[in-house]
Amino acid sequence: MNKQQWQLGQLIFDPQRRTLQRAGQQCTLEPKQAQLLLLLAEHAAEPVSREQLINQVWQGRVVSESAINRAVSLLRKACASLDPATDYIATIPKLGYCLLPEARLHSAVTETAGQAGTAPLIPPLNVARPAQSATRLAEKPPTASRHRQAMWLLVAFVFVIAVAGWVWRQSVPAVDTVPQQVLIPEPLTSFDGAEFDISSSADGQLLYHRRDAQGRVQLWLRSKQQDRPLIATPVQALNGSISPDGRKLVYRRLDGNQCQIMLLPVRPASPERALFDCPTDSAFEASWSPDSEHFFYRLRQSKTQPYLVYRYQLATTNQQQLTLADPASFNGAIALAVAADGQQLAIASYLTAQRSRLSLFQLANGQPPQLQHTTDLDIAVVDLSWPAGQPLILAASNQLYTLAADYSLQHYFYSQQPVNSITSTAQHLYFASQQQQADIWRQPLQDADTDTGGNAVPLIYSSRLDILPRVNQQDTEMLFLTTRQGVHQIWRKPHNGAEHMLAALPAPAGFVRLSWSNDQRSIYFSQQGAVYQLELADGQLSQLFSAEHQAYVVNRGPDNNSLIYSSNKTGDWQLWRYQLQGETHQQLTTQSGYSGYQVGDTLYYSKFHQDGLWQLDLANGEEQLLLADFDKINWLNWQLQGESIVYYQPGAGIFRKSLAAETEPELLLAQSPELVHHYSVSNRAIYFVKRQLPQGDIYQLPLP
């Protein structure tokens, strides 16, 4: 049996194991990434066209350009995680991709018919093996003329690469990558499940969260390499943060419909006490001042309001609002961090699924914080940490960055799993990683004639997220989103066939909400404010209208020539109708609208700011509340099915209710701890998403 490893600059590539290695650190590639890298290695220093990629990596299947771009981007990130100082892959305009000359194949190693399990020999880095030991032993030596021709081609190629690289660097404000030591994270926990929302004290104590067997979130403390739970009562202990002196922590206590921010002594010398009430649907996050006497926190008043930042003084119980709602960020603050010296406060706010706004404030005793600088970043920030004498550290997806003096981002570390939170002491940075898995299940609906239903069975499952099922009414095929290739993609599952990728999402790829067309030959969705149509017959993706209309929730219209979408382009969320023929936009609501369907002259819809399902007579403009017990969360999945609606009731499950008769809602699927309110109902079955137990641990890194 032949085993082959490729040496690419500082990296060792094993195609069979799909691994990249460097100095004891290893990265596992997705199958498409491994096939792509192998093809580039086999054509070292030669451009590989997109046609070659499609034929050999995608087996000739029709794929969009964005899918190829995304695969190359993921491969570049994998290489950068081990060798951030080297660019390994070049884009050759109108030709394709290739390994850069300085990072191309140096040697290939073959193991022939050896003992099973014997590791192949690897030559020293950057040292080419003699020609007689290379893999292509049977090739004839080139003539002198061919040598000269190859040399001239190589010189021309290097010149083109150099010019293209210079142009790219001048035109793209990329994240800086600087030479640095290879960072090998040290795992600190190894429990079944995942640890998340971590914080630390100055003496190295770590506060983190875990879920118990009943799905409740509990607080745990790691001190002197020992782990212990802090709260034994059957409540949810969420969003905790330990003080710098390690003596106390603040957390959000959720008990039924009661939510309170609590102060808890780490070493019980006094009982915990409630600081103030909080909304049940608000994710609290706190960052302490160095003196442990006050903390900054983010909170929102309801799910329709943005997260704002406040300061709380323990001695006086005084609260002060520090930020106002930013029109560019309807979600508001994502994360915050106080510098270890107490002189600055950093706040990251949500702009889009791929962009964040970073605001830096100067802090002074007794004075309101003064805004020092604001910059927009092309990353989705999830957490911040600001260690003593160090630059601000930002976490985004699988990446950790540091903020340079000129406010540019520098690569610090690449994690194999998404990072959910970070914290730091004077010597170390800690991060918690987490891999979430979710599956799609199918449960037959109760038969009206036999009064029997069926058991739920798993239909779609992988090691990643399979979410947002969308089934047609005939129950013959289903569409869904999946992250099994690293980013969100649209996949297709025929009733009696295997699932396969249908299309890649427009860049930057992110979560979208899919909606069937009336004739069920295509689907609609919005991405970054623009609306797209995907034809199922050929996978053709086309943009219907641009992002200037700020579209968000898109549903089918009353006919095949229209659709209904929500937009806040007038300053508030309203519903609009778009006519495909004529490309016209017409505003339908004036008193708010977020997700709606039109049937004849009647519009059924939810609102962004308040619960309830509403009905609007488009002929006379009369609005009527149809269902008060209709939570705002239903914007994502509720559907109109004939003369009935299907909707989710938090804590209870998924229901179907007739709009034509005064009958009680019918329970289609009861609430369970694993149920995610992603669902779709056909005339035969309900399709829904169940989350699996996430896996992840806490790791330690040296500070940059």
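Among the listed pairs Lys303/Lys607; Lys493/Lys607; Lys493/Lys657; Lys607/Lys657; Lys303/Lys493, which are separated by more than 23 Å between their Cα atoms? In this structure, Lys493/Lys607; Lys493/Lys657; Lys303/Lys493 lie more than 23 Å apart at Cα.
Summing charges over neighbours of Gln33, with a neighbour being any other residue whose Cβ is under 11 Å away from its Cβ, gives +4 when K and R count +1 and D and E count -1. Give me the log10 of I(q) over I(0) for region 361-494 at q = 0.11 Å⁻¹, as the Debye formula computes it from C-alpha points; what are the numbers? Calculated log10 I(q)/I(0) at the listed q: -0.63.
Working note: Debye formula, equal point scatterers on the alpha-carbon atoms of the chain, no solvent; log10 I(q)/I(0) at q = 0.08, 0.10 Å⁻¹ is -0.74, -1.13. Simple spin-label estimate for Glu666 and Gln435 gives 4.1 nm between the two label positions (7 Å along the Cα-to-Cβ direction from each Cα).
Normalising by residue count, region 578-699 has a Cα convex hull of 182 Å³ per residue. Maximal additional length on extending the Thr374-Asn318 stretch stands at 17.4 nm, based on 0.36 nm per residue less the C-alpha distance. Calculated FRET efficiency, Leu618 to Gln446, Cβ-Cβ distance, R0 = 30 Å: about 0.30 to the nearest 0.05. Compared with the direct C-alpha span, the chain from Asp538 to Ile92 gains 157.7 nm at full extension, assuming 0.36 nm per residue. Translational diffusion of region 229-358, estimated by Stokes-Einstein from the Kirkwood radius over alpha carbon pairs at 37 °C in a medium of 0.692 mPa s, is 213 µm² per second. Among residues other than Gln587 with Cβ under 10 Å from its Cβ, the summed charge is +2 (Lys and Arg +1, Asp and Glu -1).
Can you give the FRET efficiency to the nearest 0.05 for Arg228 and Leu39, using r as the Cβ-Cβ distance and R₀ = 35 Å?
Approximately 0.10, to the nearest 0.05.
Using 12 Å as the cut-off for backbone N distance, which residues of region 546-577 belong to the label zone defined by a point 7 Å from the Cα of Asn518 along Cα→Cβ? Taking a point 7 Å out along Cα→Cβ of Asn518, the residues of region 546-577 whose backbone N falls under 12 Å are 556-564. Using only alpha carbons, region 187-434 has a radius of gyration to Kirkwood radius ratio (Rg to Rh) of 0.93. Listed by chain and number, the aspartates and glutamates whose alpha-carbon sits under 14 Å from that of Lys224, ignoring those within fewer than 8 places in the same chain, are Asp203. So how far, in whole Å, is the C-alpha centre of region 190-254 from the one of region 509-588? Centre-to-centre distance over Cα atoms comes out at 44 Å. Using the Cβ-Cβ distance between Gln367 and Asp203 with R0 set to 22 Å, the FRET efficiency works out to roughly 0.15. Shown for the chain are the DSSP H helices of 15 Å or more along their axis, judged by Cα atoms, with a mean Kyte-Doolittle hydropathy of at least 0.5: 31-42, 144-171.
Just so you know, all these numbers are worked out from the coordinates, no wet-lab data involved. Keep in mind that this is a model prediction, so the values were computed, not measured. Ideal geometry is used to build each Cβ from the backbone, glycine not excepted, and the neighbour counts take in all protein chains shown.
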